[in-house]
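What follows is a single structure, written as structure tokens, with notes after it.
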Amino acid sequence: MKPYHLLSFLSLVATSWANPNNGDPTLFRRNSTGLTDAVTWDPQSVSIFGQRVFVLSAEIHPWRLPGNPNLWSDLLQKVKANGFNAVSAYISWALHYPSPDTNNGQGDFQAGTYRDIQMFFDAVQATGLWLIARPGPYITEDGETTGGGFPGWVENIGGSLRTDNTNYTAAWMPYLNTIAQLISRNQVTEGGPIILVQAENEFSASSVNSPYMQAVIDTHRANGVVIPITHNDQHSGENGNFSPDLPGPGQNKINTYSGDSYPQGSNSWAQVQSVYYPFHEAVAFSNPLCLAEFGGGFLLNWGSEPLGGTGYEKYSTDLTDANYENVFYKDAYAQTAKILNIYMLYGGTNWGQTAAPVAYTSYDYGGGINENRIAGPKMNEMRLQGLFLRVSRDLFGAVSLGNGTNYTTSALMHTYEMRNLDTGAGFYFLRQNDSPSTALVSTQLTVDTTHGTLTIPQSGGGITFNGRESKILVTDYVFGANQIVILYSTAEIMTWSTVDEIDYIILYAPPTQSGETVFVFDSEPTVDVNNASNVNSTFSNGTLTLQYLLDGSQFVTIKHGNLTLVAIIVDKTIANQWHAPVLPGNGEFGNHFSVGSNETILVSGPYVVRSASITGDTLSLNGDLNGTTTIEFIAPDAIARLSWNDAAVQFQKTDHGTSTATVVVEPLHLILPVLNSWKVTGSLPEIDPRFDDSNFTLADQMETNYTNLPPLAGSQVLYAQQYGFYGGNIIFRGHFNATGDETAVNLTVQYGFAGGYSAWLNSAFLGSSQGNATVSLSTNVWPFPDGALKVGADNVLVVLQDHMGLSETSTNGGKEPRGIRGYSLIGGNTSFTSWRMQGNQGGAAGAPDTFRGYLNEGGLYAERIGAHLPGYPDDTWTTGSPLTGVSQAGINFYRTSFELNIPDGFDLPVRLSFTPSAITSNFRVQIYLNGWQIGKYINNIGPQTVFVLPAGILFRNSTNTLALSLWSLDAEGASITGLEVISDGIFATALKFEDYQGPDYNEQRDLRPPGITQIPM
């Protein structure tokens, strides 16, 4: 079949009705930017190269898959295989501009790293997905990354952020010029995947905001962006900020307007929100309804759940599980959403210092693909929905005709009716009116068809809804090369495909439910139900009715003249095993369904089908299996050979027209390593008053632009951002000459939510203080212990601060310092003579590890000397285990190594699991794998106790270096109760892994201070 690539560049195509609920017959023209017709839109949908497209998108953030960027393709292939046709991605300014003049203002986009955005764009295009680019400059409140995507230095500027403040404009303009040029080169008009570009994020119009928004739009256009510019507004799109349809001048108007919604409850099921359609009709009626962020899960804060797992299990296995997707996503479609982006589909990891204070290491989010890249049960539901959406083109132009409880014989049910006014195809979306209900309901539905108004099923019985269940039921649905008409069906359609001129359609419902599907024929067809023991067929008045019980798989072959139809009737557990991979066409968009290819085959059995292709008489399938698997497939009859992951597999024909093959996966007898050979060194030499801090940064600034949060006490400003340190532990050393009258020190330390600090005077521990999910600073008076003060001599106060990331603009306008807000000595009139501070070695601008990036490390001694890196010489370190731990307040640093020896062809996602110690034990652990900081465990706050060892960092066939920093905030010390490497499963895979080698210690030793072995604390 030739691919559709219709270049109908018409500006006045009458394709849809305005405000259809109001019966307004006004025709809308198809809109464009005026710069290209490659992407156009009207109230019903976007069109790409003249074809309507339902955009079902998955949010993925490139940097949250740390290490090897080749693994982006793993995620993208799983996204496409499970029904999506697009991805949406934030681009974080902070990662690319550690300083304003990085790479002469062009930024850091180092090839072959997580910063290689061109590589990400190429991977999206190669996979056959569209891309919604979201480059900011500000990318959260929902992205939960440090600074909301702002580099730390941006917070230092004078004046406010995200306004027309000239200082702010000068800061963002070089970045946006650079990224807009990159986006421009990767638009669909240039053969790339990008169809939409978002300006800013969750932003409101005002006298100072709107000129800034216009400058962002103008910068994109000035750099060659010709595709539509969109905006994501908060509150489900109620307010219409920057909408092109609201009154007012043309300034500050984007092309397509979007809202966002996180409709599920945080602790129990919520009622669906029936607001999207009325909001859309009020503020953006010339646009298709777009929900640019729709909850795939939700954010968890530090301490928000009890210790255990990642915390996000409450979403992935309960509140936002497959039942949630079934009810809430279909409700969004029913309200005419034609662009739906699931946030997050893959959340990933907040490694290093990339998290905002509101988030912890795991950003799993309860997504369909978990943090360890495993496509869970939620993806089966998405595949059922996505495959239906991509082949149901009449839905793309359908309008809403009504909704309520009056469509069904049971008042417990709610129905939305949509109809394509050109073709007459109808779509009925049914769910329980009380969407959290778990009641079992049976009902009949009244539908309008070309055969009149009918109450279905007509044969009696009902349509069953077992609690939190939703169905999309069709009328006058035309499908296949033979243009077969389904008058109605009480079972859902998964997908259809035409193979060798035979039309196949998959119908499904949960096990033990009944279904009724009626086809329209002008004369009685031949019906073969020999492979469908639970199916009855009758023909009357030009309709063929199939009645059936859903139990396993049933194949019904229907012949009418030269037409052949095979109805595959399966229960939902079987439907979850079917896939419809695209057979690529030709040209630069050959892998994009609809625009580049309309050919698919049908495959059942594998965990993931990544790709399918036919060359000559060979069908090649690539994908993943979670054990020995029977593969059933429907492909052209000419296929004589089958390969799975490039290995030949024998197959047999079945008596119902399919083929089957068994792919044997031999057990992988792999023993996970035991972590029992540790070495240890102390990592806080700075508390010794004799420590030479002359290489630390002198904190001598007396003024600040943090005018909203000025210093509370003390003459020197001790805000870490002002000295070029934007993440990780910060060490402060304050010097004063004591008179003997000093009795205590008053400290206010701003560390971010759930942060903390410890303080020492001349090596004597003063105390520690911590925040929580809502407390971001501490004020304490620390009395000096007897004998700690040195009268008439230099005294050294040391403050070790845990940095929890830079605040988003929702907190103090994004201008919130990290460091010591106030300090003063109590007793006498003594002042500090000097302060020095140290964060990551070299600061952001001069970090020695430019490969992993400046946000990978903090200011701990072990980090600065490179002890977290592979190859660091730890021969002189003491043997010691983190299970023994620290004997006092302070920090020890531990190293061990392990090997996995995973053979090619297998994917073994693993994690590091902590056994929590007593909740009263206050300690913090940072985890490093092969030089990357991959996690932060806080024993007394949690909730996370298991940490992904990322596949893009983990060495499969060489020695891994694992390191831990253990910081006790208690005088009595602390230890870890247990550490274990655990597996999330074993998958036979088509993925090609490689050990992604970053620079080791020897490659950086000249850029770091020499390491001196310290006595463990």
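Among the residues here, residue 626 qualifies as touching a residue at least 60 places away in the same chain (Cβ under 8 Å), open to solvent by 70 Å² or more (accessible area, probe 1.4 Å) and closer than 25 Å to residue 83 by Cβ.
Number of residues in region 753-772 that are hydrophobic (A, V, I, L, M, F, W, C) and open to solvent by less than 10 Å² (accessible area, probe 1.4 Å) equals 4. Checked against (1) in contact with a Leu (Cβ under 8 Å, 6 or more places away or on another chain); (2) aliphatic (A, V, I, L, M); (3) assigned to a loop (DSSP other than H, G, I, E, B), residue 291 passes all but a single condition, namely (3). For region 676-685, filtering for residues that are farther than 30 Å from residue 901 by Cα and in a loop (DSSP other than H, G, I, E, B) leaves 2. Scanning region 726-741 for residues that are in a loop (DSSP other than H, G, I, E, B) and open to solvent by 10 Å² or more (accessible area, probe 1.4 Å) yields a count of 4. Of the residues making up region 299-321, those that are touching a residue at least 60 places away in the same chain (Cβ under 8 Å), in contact with an Asp or Glu (Cβ under 8 Å, 6 or more places away or on another chain) and open to solvent by less than 20 Å² (accessible area, probe 1.4 Å) number 2.
Those residues that are out of contact with any helix residue (DSSP H, G or I) (no Cβ under 7 Å at 6 or more places or on another chain) and outside any helix (DSSP H, G or I), I need them from region 181-204; list them, please. Don't jump to the end; show me each part of the working.
Here is the first cut: in region 181-204, the residues out of contact with any helix residue (DSSP H, G or I) (no Cβ under 7 Å at 6 or more places or on another chain) are 181, 183-185, 187-191, 196, 198, 201-202, 204.
Within region 181-204, 187, 191, 196, 198, 201, 202, 204 meet the criteria.
In region 162-182, of all residues being of a type in the set (A, V, I, L, M, F, W, C) and under 26 Å from the mean Cα position of the chain (by Cα), the one that is surrounded by the fewest Cβ atoms within 10 Å (Cβ to Cβ) corresponds to 182. For residue 101, the requirement of being free of Cβ contacts under 8 Å to residues at least 24 places away in the same chain and of a type in the set (D, E, K, R) is met. Residue count for region 631-675 under the criterion of being open to solvent by 50 Å² or more (accessible area, probe 1.4 Å), farther than 18 Å from residue 904 by Cβ and not in a loop (DSSP other than H, G, I, E, B): the result is 4.
Among the residues of region 686-696, is any closer than 19 Å to residue 1013 by Cβ, modelled with pLDDT of 95 or more and outside any loop (DSSP other than H, G, I, E, B)? Checked region 686-696: at least one residue is closer than 19 Å to residue 1013 by Cβ, modelled with pLDDT of 95 or more and outside any loop (DSSP other than H, G, I, E, B).
Of the strands (runs of 3 or more DSSP E) lying entirely inside region 936-1003, those containing at least 3 residues that are under 23 Å from residue 801 (Cβ atoms) are 960-968. Beta carbons closer than 6 Å, at least 6 apart along the sequence or on distinct chains, pair a first residue in region 360-377 that is on the phi > 0 side of the Ramachandran plot with a second that is buried (at least 24 other Cβ atoms within 10 Å of the Cβ) and aliphatic (A, V, I, L, M) for 365/344.
Residues of region 270-288 that are touching a Ser or Thr at 6+ places or on another chain (Cβ under 6 Å) and either assigned to a loop (DSSP other than H, G, I, E, B) or surrounded by fewer than 18 Cβ atoms within 10 Å (Cβ to Cβ) (or both): 271, 272, 275, 284, 287, 288. Each residue in region 980-1001 was checked for being closer than 30 Å to residue 687 by Cα and either free of Cβ contacts under 8 Å to residues at least 24 places away in the same chain or open to solvent by 30 Å² or more (accessible area, probe 1.4 Å) (or both), and 1 pass.
In region 796-822, the qualifying residues are those that are open to solvent by 10 Å² or more (accessible area, probe 1.4 Å) and not in a loop (DSSP other than H, G, I, E, B), and the one that is modelled with the highest pLDDT is 821.
Among residues belonging to region 864-905 that are acidic (Asp, Glu) and more than 34 Å from the chain's Cα centre (by Cα), point out the one that is least open to solvent (accessible area, probe 1.4 Å).
874
Of everything in region 542-559 that is out of contact with any Gly (no Cβ under 7 Å at 6 or more places or on another chain) and closer than 19 Å to residue 477 by Cβ, the residue that is surrounded by the fewest Cβ atoms within 10 Å (Cβ to Cβ) is 542. Evaluated against (1) farther than 27 Å from residue 610 by Cβ; (2) open to solvent by 10 Å² or more (accessible area, probe 1.4 Å); (3) out of contact with any Asp or Glu (no Cβ under 8 Å at 6 or more places or on another chain), residue 450 falls short on exactly one condition, (3). Scan region 823-843 for residues that are assigned to a loop (DSSP other than H, G, I, E, B), over 28 Å from residue 1004 (Cα atoms) and open to solvent by less than 40 Å² (accessible area, probe 1.4 Å) and the total you get is 3.
The single condition among (1) open to solvent by 40 Å² or more (accessible area, probe 1.4 Å); (2) more than 28 Å from residue 963 (Cβ to Cβ); (3) assigned to a loop (DSSP other than H, G, I, E, B) that residue 704 does not satisfy is (1). Within region 205-242, being of a type in the set (Phe, Trp, Tyr) and part of a helix (DSSP H, G or I) holds for one residue alone: 212. For residue 935, which of the numbered conditions (1) open to solvent by 10 Å² or more (accessible area, probe 1.4 Å); (2) within 22 Å of the chain's Cα centre (by Cα); (3) not charged (D, E, K, R) fails to hold? With (1) open to solvent by 10 Å² or more (accessible area, probe 1.4 Å); (2) within 22 Å of the chain's Cα centre (by Cα); (3) not charged (D, E, K, R) applied to residue 935, the lone miss is (1). Residue 570 meets each of the listed conditions (1) among the β-branched types (Val, Ile, Thr); (2) more than 27 Å from residue 124 (Cα to Cα); (3) open to solvent by 10 Å² or more (accessible area, probe 1.4 Å) apart from (3).
Among the residues of region 895-924, those that are over 23 Å from residue 676 (Cα atoms) and either touching an Asp or Glu at 6+ places or on another chain (Cβ under 9 Å) or assigned to a strand (DSSP E or B) (or both) comprise 906, 907, 920, 922.
Residues are listed down the side, and each one gets a yes or a no for (1) within 34 Å of the chain's Cα centre (by Cα); (2) within 16 Å of residue 551 (Cβ to Cβ):
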{"site": "469", "(1), (2)": "yes, no"}
{"site": "473", "(1), (2)": "yes, no"}
{"site": "476", "(1), (2)": "no, no"}
{"site": "482", "(1), (2)": "no, no"}
{"site": "485", "(1), (2)": "no, no"}
{"site": "489", "(1), (2)": "no, no"}
{"site": "496", "(1), (2)": "yes, no"}
{"site": "508", "(1), (2)": "yes, yes"}
{"site": "525", "(1), (2)": "no, no"}
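Scanning region 436-446 for residues that are among the hydroxyl-bearing types (Ser, Thr, Tyr), part of a loop (DSSP other than H, G, I, E, B) and open to solvent by less than 10 Å² (accessible area, probe 1.4 Å) turns up nothing. The residues listed here are 115, 185; of these, the one that is of a type in the set (Lys, Arg), open to solvent by 20 Å² or more (accessible area, probe 1.4 Å) and modelled with pLDDT of 95 or more is 185.
The values are calculated or read from the model by the stated rules, or taken from the named source; none is laboratory data. This one's a predicted model, so the numbers in the text were calculated from it and none came from an experiment. No Cβ is skipped: glycine too gets one built from the backbone with ideal geometry, and neighbour counts run over all protein chains shown. Just so you know, the surface numbers come from the protein's heavy atoms only, side chains and all, with ligands and any DNA or RNA stripped out. Shrake-Rupley method; radii C 1.70, N 1.55, O 1.52, S 1.80 Å.
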